[in-house]
Amino acid sequence: MPRFIAVVLLLLLSWPAFGASFPPAELLQELSQRLSKPAECQPHCATIQHLEIKAGAEQIQMQLEVYAGDQSAIPLPVKEGQWWPAEYRLDGDSNPVLMRDSQGILWILVSEGQHLLELSGPTSVRSQLDLPLPLSPARIKVISEEWVVNGLDENGVPEQQLQLIRKKQVEAGSGESLEPGVLPPLLEVTRILHFGIEWSVDTHIRRISPPGSPVTLNLALLPGEAVITSGLEVDSGSLQLRLPANQSELTFTSKITPVEQIILSASDDKRLSEKWQLDVGPVWHIDFEGLPVIHHQDSSGAWLPTWAPWPGEEVNVNISRPIAKKGNLLTIDKSMLEVTPGRRVTDSKLSFELRASRGGQHKIQLPSGAVLRSVKIDGVAQPVRQSGGTVSIPVRPGKQKVELNWRNEQGIGLVYQTPAVDLGVESVNHSIQVKPGEDRWILFLFGPSMGPAVLFWSMMVIVVLLAFILARIGTTPLKWYHWLLLGIGLTQASLFGAVIIVAWLLVVGQRDQIATSLENDNIYNLTQVAIVILTVMALQSLFDAIRFGLLGLPEMQIEGNHSSSQVLKWYLDRAGMVPDSSTLISVPLLYYRLAMLAWALWLAFALLGWLKWSWRVFERHGFWKRSGPVLKIRLRRKNAPTDDKDKDPQ
């Protein structure tokens, strides 16, 4: 029994410590987060499903059907200085919870569920009331015989603000109250008339007065004007425009039927400040009478006559086509012929930019045997076919880009000439571009003066001169034809490698003369080391030259007009109806491979003889002289005796 009492007392003493540690802090924090978690519908838990407004001459009543998914505060459609309710009823309760924020918006607290909110208050003597809608209702119904409502469409869907305008002015009684002045909105209407191939009008409406009130505007259209911007209403030749309270600009576009005369009349609406501008294309000529022009050009210097009329003023604009002058109806500003010859066929593309003052058909004569593949105008494929060798291209007034693709059943040969195309008119800025491919060895090029040239043959003249000069030095066993063959192969290698090889041969040839003139053994040994290093570099350069010659592409030094061996470009600033052609003389790449193989075989046999000669020269006078202290430097005092064992071996 005493033992049981001791256990019970021990448990009682330890219970406060256990209770103090439960529940743990993590569990409390998780519980706090769950309890303070906002509703999933936040921040849009409340909506106004329906708003009914009964507006009388002196009293306005509102009924709002509100639904809340959680306890929320909703803003009311009231504004101080416009209309402020005197009574509030929420589900029959005349003392709801209201709050007014720093921006003057009145809020009411509603609980979860469906509610009916009733507001009522006097209208004073104002002729216009602007009611904001911070929380837009789904549908609004207005019942009134005293007021005109703006800001609703035909289905009762509201904008961001309602505007009530009194139909009849309230008579002020005995000077007891005065109606506050309401400034009407001020708008700037800019109309730009474009007279080109098609006529159009761009209208830009900008609010000059401060925003805050919606605007309803009836804007008269020009005769024959048809609005093409969607979402706008046209009634009896006038455009019905609604500018919401928070909108400051509105732009729309319309088409207009071409006529000989247009009368521009300014509206009598005092709220409008109008501006007219005429953008006239080169195919039209205009004269105008009436109101003088305030500006003839825009900021960029383009001709853009501008008027700023007052209400009721007019301008008569007479439009006519300019009288045609004699000259070419079509001009080619730029043309390019791109040729890609293959082994059996040649693909060609002719692209050019033309300007025409009148529409019609333009004929292009393709070369003999050409088969048209496609025609594109401004990047769009056209169903154009060739008739014989002629292609008729539809041309419209103005600028356009034309592209023709065709194929010839003739490939590239020893002598290849670019196809001759009859453009139909003279051209300027004509370019020819040929892509011969990597399987051709280009030998000669002919064509317009501004084009590529094969500089390899000019380099060969220098190689021949150097071969005779080096042969006359006489220090090497190489004859002039040896130097010539070596130089021909080295033209395909790098210039640095060619210089190393020639320097190696000359240094080895001068080695006897250098060795006999050196009295210092150390310098002699350094010269031997330099010859070894130069020999290794020369052999590496010869190996690279053989590798590049057998595996690489011919380096014919093709330069001029940004050309290369893969792309050949010629240019003519002025060309006739049939531009000059270009000519290529080339052979298959196999001939280059065989030539380099023959050169490599000759070099291999010649190199054996050169190496034997260089070895005999290198070992003459000894490989290494050890009479001098090369690896060991002894420091001794002046007049100090020396032992025989310290003497260098003879």
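The values are calculated or read from the model by the stated rules, or taken from the named source; none is laboratory data. A quick note: this is a predicted structure, and the numbers were derived from the prediction, not measured. Don't worry about glycine lacking a Cβ; one is built from the backbone with ideal geometry, like all the others, and counts go over all protein chains shown.
Among residues of segment 296-316 being in contact with a strand residue (DSSP E or B) (Cβ under 8 Å, 6 or more places away or on another chain) and part of a loop (DSSP other than H, G, I, E, B), the one that is surrounded by the fewest Cβ atoms within 10 Å (Cβ to Cβ) is 312. In this entry, residue 109 is excluded by the filter for residues that are part of a strand (DSSP E or B) and within 24 Å of residue 145 (Cα to Cα).
Suppose the filter is of a type in the set (A, V, I, L, M) and assigned by the TED database to the domain that holds residue 272; does residue 315 pass it? Answer is yes for this residue. Being within 40 Å of the chain's Cα centre (by Cα) and modelled with pLDDT of 80 or more: is that true of residue 189 here? It is true that residue 189 is within 40 Å of the chain's Cα centre (by Cα) and modelled with pLDDT of 80 or more.
Considering only segment 131-140, I want to know if a residue exists there that is over 19 Å from residue 88 (Cα atoms), charged (D, E, K, R), surrounded by 14 or more Cβ atoms within 10 Å (Cβ to Cβ) and modelled with pLDDT under 80. No; the residues of segment 131-140 include none that is over 19 Å from residue 88 (Cα atoms), charged (D, E, K, R), surrounded by 14 or more Cβ atoms within 10 Å (Cβ to Cβ) and modelled with pLDDT under 80. For segment 97-112, the criterion of being buried (at least 16 other Cβ atoms within 10 Å of the Cβ) and of a type in the set (Ser, Thr, Tyr) is met by none of the residues. The single condition among (1) farther than 25 Å from residue 147 by Cβ; (2) surrounded by 14 or more Cβ atoms within 10 Å (Cβ to Cβ); (3) among the hydrophobic types (A, V, I, L, M, F, W, C) that residue 74 does not satisfy is (1). Filter segment 79-91 down to the residues that are of a type outside the set (A, V, I, L, M, F, W, C) and either over 23 Å from residue 56 (Cα atoms) or in contact with a strand residue (DSSP E or B) (Cβ under 8 Å, 6 or more places away or on another chain) (or both) and list them by number. Correct list: 79, 82, 85, 87, 88, 89, 91.
Determine, yes or no, whether residue 156 is in a loop (DSSP other than H, G, I, E, B), surrounded by fewer than 15 Cβ atoms within 10 Å (Cβ to Cβ) and at pLDDT below 70. Taking the combined requirement at face value, the residue does not satisfy it. Among the candidates 315, 293, the residue that is touching a Pro at 6+ places or on another chain (Cβ under 9 Å) and free of Cβ contacts under 8 Å to residues at least 24 places away in the same chain is uniquely 293.
Look through 111, 102, 136 and report the one residue that is more than 21 Å from residue 56 (Cβ to Cβ) and under 46 Å from the mean Cα position of the chain (by Cα).
None of the others qualify; the one that does is 136.
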